[in-house]
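*Asks:* Once you've had a glance at the structure underneath, I'll fire off some questions.
The values are calculated or read from the model by the stated rules, or taken from the named source; none is laboratory data. This is a predicted model, so every value here is computed, not measured. Reconstructed Cβ throughout: ideal geometry from the backbone, glycine too, with neighbour counts over all protein chains shown.
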Amino acid sequence: MREIITLHIGQAGCQMAPYLWDLYYADNMINPNGEKSSRKVKEEEFLESTVFFHEFENKYVPRSLLIDYDPKIKSSLNNNQFLDLFPKDHLIIGSASSSNNFSRGHYHSDNNLVGAIKDQIRKLTEKCDSVQGFQIFHSINGGTGSGLASMLLDESNVFGKKNWNTFSIIPSETFSTTTVEPYNSTLALYFLDKFSDLSFVFDNQKLFKICNEQLYVENPNYDTINQIIARAAHSITCPYQSNSSLNPTKTMEELKKSLAINQKKYPLISFSPLSNINPENEIEKEIEKEKENEKEKEKEKGKDISDLTNSLFEMKNYLKSCSLKNEKISKMNLYYRGNISEKEMNTSLELIKSMKNLNFASDFETFKSGLITNSIPNISSDIFDPFDKCITMASNSTSLKSTFKNIATNFDTLYRKRAYVHWYVGEGLEEGQFSEAREVLEQIIHGFEN
Ligand SMILES: Nc1nc2c(ncn2[C@@H]2O[C@H](COP(=O)(O)OP(=O)(O)OP(=O)(O)O)[C@@H](O)[C@H]2O)c(=O)[nH]1
Ligand SMILES: [Mg+2]
């Protein structure tokens, strides 16, 4: 078995966990109490649950750690009884946050706590037959998610040569929660660039926009946007546990090969459907109802799948604000899930190939597409109107160049004045690391040029 260990780090990382694990639980027919359901997984079977779960006291528990230096995380996770699913030692919590300081998260003063984190990772690794890799969920904008995740990546060889993928919240274009975000993210990108195999990136501003304008969620919060991230991350990672012969990326290594190109390893994710019926608009509701009826009729002709496919290429469905227009696409994976036939998947792929406005790079080889026909898990807290099929696209293109340029510009504005640098140096960072990280960011930007 090729197991995967998932690390949720810092507030964002830990808060992204509940919904993601709900989806993994549902896929594996594990009840919320950790027991296997007597219901069988239908259609093409999933593998034994051991990719993401291991047995502990006769229950299936996540092969995963929740780590935050801030004790407040416990109360925010306690709200949904999610914590009960994790054995006590899978939860490693400190006594104070890293105060939005990468350096504090990276060079943490409590050696016992840092030792406990590494120890637990090692123990989880030892419980595996043959661990293939780690996936980190975090934000690189604060202190712990950026600093601690970077430290673990830096020392990743201690855990053997494995794949490391990250699902990372990175700075949004015009919205931030702290002035020093450009420092934290640039310093963290230095380590992602060196040690991660793939980093899927999201920005909160875009996710909130989707909640407001497409899903019509009233007062969206982190919990809401985390559900979108979880859906996308689930689609891309659940093939690791699928037996389906129609599955392009069964391992982390295969996923890496299918999406990364040297330093260009920041895939953009697009997800469809991301459209609910606007509850405030009765007329629209009626129109939507009509549309639904139409859709039912058109389903057999494959129109439904065309709608889903088309919307994947609309900017509004990207989980990071950017555009694919005029950008060169080098790699593209498509994950089909739910009530979709192989024929419909092929129709959708043909449609993509015929899209005139897509610009494929000269080294573009082929699409990787996968289909899992098991029904989509329905989760009670879902913000989505019910859907029985979805498509997730992960693409490697030049489109994220402007995102990284934006981080660089904001970094330069601060660093020119050496603003706040003493905070970082005071916690153990050498000043030279700022310019080294900035150089690496420049290389990342260059990497997007072709
Ligand atoms: N998507 C998402 N973003 C979050 C969440 N919580 C915080 N953030 C964002 O993450 C960034 C701050 O990172 P946090 O994860 O809160 O920080 P941390 O890693 O806990 O680090 P410290 O609090 O400094 O110790 C900001 O950009 C927040 O907007 C969450 O649950 N989901
Ligand atoms: Mg925090």
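*Asks:* Which one of these is among the β-branched types (V, I, T) and surrounded by fewer than 17 Cβ atoms within 10 Å (Cβ to Cβ): T403, T409? Quick ask: steps written out before the conclusion?
*Replies:* On the way: T403 fails: surrounded by fewer than 17 Cβ atoms within 10 Å (Cβ to Cβ).
It is T409.
*Asks:* When the stretch 151-183 is examined, which residues are found to be within 16 Å of M16 (Cβ to Cβ), more than 16 Å from ligand 2 (Cβ to nearest atom), part of a strand (DSSP E or B) and touching a residue at least 40 places away in the same chain (Cβ under 8 Å)?
*Replies:* Listed by number, the residues that qualify are N165, F167.
*Asks:* Test F208 against the stated conditions and say whether it is assigned to a helix (DSSP H, G or I) and more than 30 Å from T50 (Cα to Cα).
*Replies:* Numbers: assigned to a helix (DSSP H, G or I): yes; more than 30 Å from T50 (Cα to Cα): yes.
The answer is yes for F208.
Here is a yes/no grid of residues against (1) closer than 22 Å to E35 by Cα; (2) away from ligand 2 (no atom under 16 Å from the Cβ):
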residue	(1), (2)
P71	no, no
L77	yes, no
D89	yes, yes
I92	no, no
A96	no, no
D110	no, no
R122	no, yes
T125	no, yes
S130	no, yes
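*Asks:* Inspect the stretch 135-150 for any residue being away from ligand 1 (no atom under 13 Å from the Cβ), touching a residue at least 24 places away in the same chain (Cβ under 8 Å) and either farther than 20 Å from F195 by Cα or in contact with a Phe, Trp or Tyr (Cβ under 8 Å, 6 or more places away or on another chain) (or both) and give the result as yes or no. Break it down into steps so the answer makes sense when it comes.
*Replies:* Step one: of the stretch 135-150, the residues away from ligand 1 (no atom under 13 Å from the Cβ) are 135.
From what's left, touching a residue at least 24 places away in the same chain (Cβ under 8 Å): 135.
Then drop every residue that is not either farther than 20 Å from F195 by Cα or in contact with a Phe, Trp or Tyr (Cβ under 8 Å, 6 or more places away or on another chain) (or both), which leaves 135.
Looking for residues that are away from ligand 1 (no atom under 13 Å from the Cβ), touching a residue at least 24 places away in the same chain (Cβ under 8 Å) and either farther than 20 Å from F195 by Cα or in contact with a Phe, Trp or Tyr (Cβ under 8 Å, 6 or more places away or on another chain) (or both), one finds at least one in the stretch 135-150, hence yes.
*Asks:* Which one is farthest from ligand 1 (Cβ to nearest atom) among residues in the stretch 44-91 that are polar (S, T, N, Q) and either in contact with a helix residue (DSSP H, G or I) (Cβ under 7 Å, 6 or more places away or on another chain) or not assigned by TED's automatic domain parsing to the domain that holds I140 (or both)? Talk me through it step by step, then tell me what you get.
*Replies:* The first filter runs over the stretch 44-91 and keeps only residues polar (S, T, N, Q), leaving 49-50, 58, 64, 75-76, 78-81.
Retained after the next criterion (residues that are either in contact with a helix residue (DSSP H, G or I) (Cβ under 7 Å, 6 or more places away or on another chain) or not assigned by TED's automatic domain parsing to the domain that holds I140 (or both)): 64, 76, 80.
On the way: S64: 16, S76: 8, N80: 13 Å.
In this case the residue turns out to be S64.
*Asks:* Here's a follow-up. Go through the stretch 97-109 residue by residue and tally those that are out of contact with any helix residue (DSSP H, G or I) (no Cβ under 9 Å at 6 or more places or on another chain) and surrounded by 12 or more Cβ atoms within 10 Å (Cβ to Cβ). Write out each step before concluding.
*Replies:* Restricting attention to the stretch 97-109, the residues satisfying the condition of being out of contact with any helix residue (DSSP H, G or I) (no Cβ under 9 Å at 6 or more places or on another chain) are 109.
Cutting the leftovers down to surrounded by 12 or more Cβ atoms within 10 Å (Cβ to Cβ) gives us none.
The total comes to 0.
*Asks:* List the pairs whose first member sits in the stretch 428-444 and is aliphatic (A, V, I, L, M), whose second member is modelled with pLDDT under 95 and in a loop (DSSP other than H, G, I, E, B), and whose Cβ atoms are under 8 Å apart, counting only residues at least 6 apart or on separate chains?
*Replies:* I444/Q263
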